[in-house]
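Reviewing the structure listed below.
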Amino acid sequence: MARDRFSPDFDPDCGDAALTTARQDILIGRWQGLRELLRATGPHFAARGHRVRLLAQACAGRSMVESWLAAEPHSADALVLRAATETARAFNTAIAAGRGVPIDQDRVDAVVRACLTAAEADPADPTPWISLISVARLYASGARRRELARWWDELHRRDPYSVEGHLQVLHYYSARWHGTHGQMYDFARDAAGAAPFGCPLPVLVQYARVEEYRYALDAARGDQARVRLGQHWSHEVAVSDVRRTWQRWISGRSREAVEPWELRDLNHLAHAACYAGAPDIAAALLGMLGRRATRTPWVCTGDPGKEFARWHGQVRR
């Protein structure tokens, strides 16, 4: 009998069944599913950040959040989701305009105000502060240093080990936005060094390596053959970073199950391990993931489905 062909599962909800149900409600125009999901999520900030981010992307092209707010104008969850949705819409506008074309700064100011309103509605929630740090990238010259520092302090006070929050700062300091490769890596390494054993923040270094590659790919106008980074994924520091992240994060995890909000992070470390020539770590990580994949970072080095399947085949052999 022929062996079944391995097929990755690129579930956009990362296996979060409750999120999938809520997104289906969006399609049929039922905002109550959003309310039920965020109410059930409560103060589980990792799950909340994951769900709000993906709900915002789904709501960006619809008026579902506005319908919810019309019915419940003082709902903190609705205000938090509106802030994230307005952030997603602003980024969609920036993408449509093209790299280097600034969008209306009044529009960015309006999103900032929506985020601050959400933060006032739910003072304990770090999610609006993540949205604020994210939209700060859309200011033509970046946010004012003092303002950005205040937003970061507010986020850090509420959730000091937020991967999504740290990731937004990392993007801000990247060369594609308002910093340099050096600033980006310094931030990632500082955060990784301060993280407790078992915390996923060390994977920020792998996110930084992907960000550097994407910057080079942008410069080459998408032509991967023209990207000349030598041993970008496999030089001595890159390999050492992979092993350090494995030791600090995965070796310290207290559970075996992979939660939906961990999936993107694990895919970044698995991709890094594959290309760093660390087959022991790659095999363990791909075993943890099974068929569960995220398109980024695999898309950076080829067709994501073929990339993920190819490495699964290699580590099995």
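The values are calculated or read from the model by the stated rules, or taken from the named source; none is laboratory data. It should be emphasised that the depicted structure is a prediction, and the values quoted were computed from it without experimental measurement. For neighbour counting, all protein chains shown are included, and Cβ atoms are generated from backbone atoms with ideal geometry for every residue, glycine included. These accessible areas exclude ligands, DNA and RNA; they are computed on the full protein's heavy atoms, side chains included. Shrake-Rupley method; radii C 1.70, N 1.55, O 1.52, S 1.80 Å.
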Worksheet item: Only one residue in W152, W129 is open to solvent by 20 Å² or more (accessible area, probe 1.4 Å), part of a helix (DSSP H, G or I) and among the hydrophobic types (A, V, I, L, M, F, W, C). Which one?
Response: W152
Discussion item. Taking the criterion of being open to solvent by 70 Å² or more (accessible area, probe 1.4 Å) and modelled with pLDDT of 95 or more, would at least one residue in segment 202-220 satisfy it?
Written reply: no
Worksheet item: Failed condition for D25, given (1) buried (at least 16 other Cβ atoms within 10 Å of the Cβ); (2) under 23 Å from the mean Cα position of the chain (by Cα); (3) not aromatic (F, W, Y), with all others met?
Response: (2)
Item to complete: Determine if segment 168-181 includes at least one residue that is more than 19 Å from H268 (Cα to Cα), surrounded by fewer than 22 Cβ atoms within 10 Å (Cβ to Cβ), of a type in the set (A, V, I, L, M) and modelled with pLDDT of 95 or more.
Response: yes
Fill in: Filter result (within 19 Å of A56 (Cβ to Cβ) and surrounded by 10 or more Cβ atoms within 10 Å (Cβ to Cβ)) within segment 96-108
I103, R107, V108
Worksheet item: Of the residues V237, V242, which single one is within 16 Å of G277 (Cβ to Cβ), in a helix (DSSP H, G or I), modelled with pLDDT of 90 or more and under 20 Å from the mean Cα position of the chain (by Cα)?
Response: V242
Worksheet item: Do you know which of the residues in segment 77-110 that are in contact with an Asp or Glu (Cβ under 8 Å, 6 or more places away or on another chain) and farther than 23 Å from T41 by Cβ is modelled with the lowest pLDDT?
Response: R99
Item to complete: Name the residue, out of A84, A114, that is open to solvent by less than 60 Å² (accessible area, probe 1.4 Å) and either β-branched (V, I, T) or in contact (Cβ under 8 Å) with a residue 40 or more places away in the chain (or both).
Response: A84
Worksheet entry | Leading residue by the ranking (surrounded by the most Cβ atoms within 10 Å (Cβ to Cβ)) among those in segment 132-147 that are more than 19 Å from the chain's Cα centre (by Cα) and under 22 Å from F91 (Cα atoms) | A143
Practice prompt. Run A257 past the list (1) of a type outside the set (S, T, N, Q); (2) surrounded by fewer than 14 Cβ atoms within 10 Å (Cβ to Cβ); (3) in a helix (DSSP H, G or I) and report the number of the one that doesn't hold.
Written response: (3)
Discussion item. Among the residues of segment 80-98, are any of a type in the set (D, E, K, R), outside any helix (DSSP H, G or I), over 19 Å from S141 (Cβ atoms) and under 20 Å from the mean Cα position of the chain (by Cα)?
Written reply: no
Worksheet item: Is it the case that some residue within segment 234-241 is open to solvent by less than 60 Å² (accessible area, probe 1.4 Å), of a type in the set (S, T, N, Q) and in contact with a Ser or Thr (Cβ under 6 Å, 6 or more places away or on another chain)?
Response: no
Discussion item. Restricting to segment 275-300, name every residue that is without any contact (Cβ under 8 Å) to a residue 40 or more places away in the chain and open to solvent by less than 10 Å² (accessible area, probe 1.4 Å).
Written reply: A278, I281, A282, L285, L286, L289, W298
Worksheet entry | Count of residues meeting criterion [in contact with a helix residue (DSSP H, G or I) (Cβ under 6 Å, 6 or more places away or on another chain) and farther than 16 Å from D16 by Cβ] in segment 288-300 | 4
Practice prompt. Could you tell me whether W249 is within 24 Å of D13 (Cβ to Cβ), in contact with a Phe, Trp or Tyr (Cβ under 6 Å, 6 or more places away or on another chain) and free of Cβ contacts under 8 Å to residues at least 60 places away in the same chain?
Written response: no
Discussion item. If I ask for residues that are farther than 14 Å from I130 by Cβ and touching a helix residue (DSSP H, G or I) at 6+ places or on another chain (Cβ under 8 Å), which ones from segment 67-81 would you list?
Written reply: W68, L69, E72, H74, S75, A76, D77, A78, L79
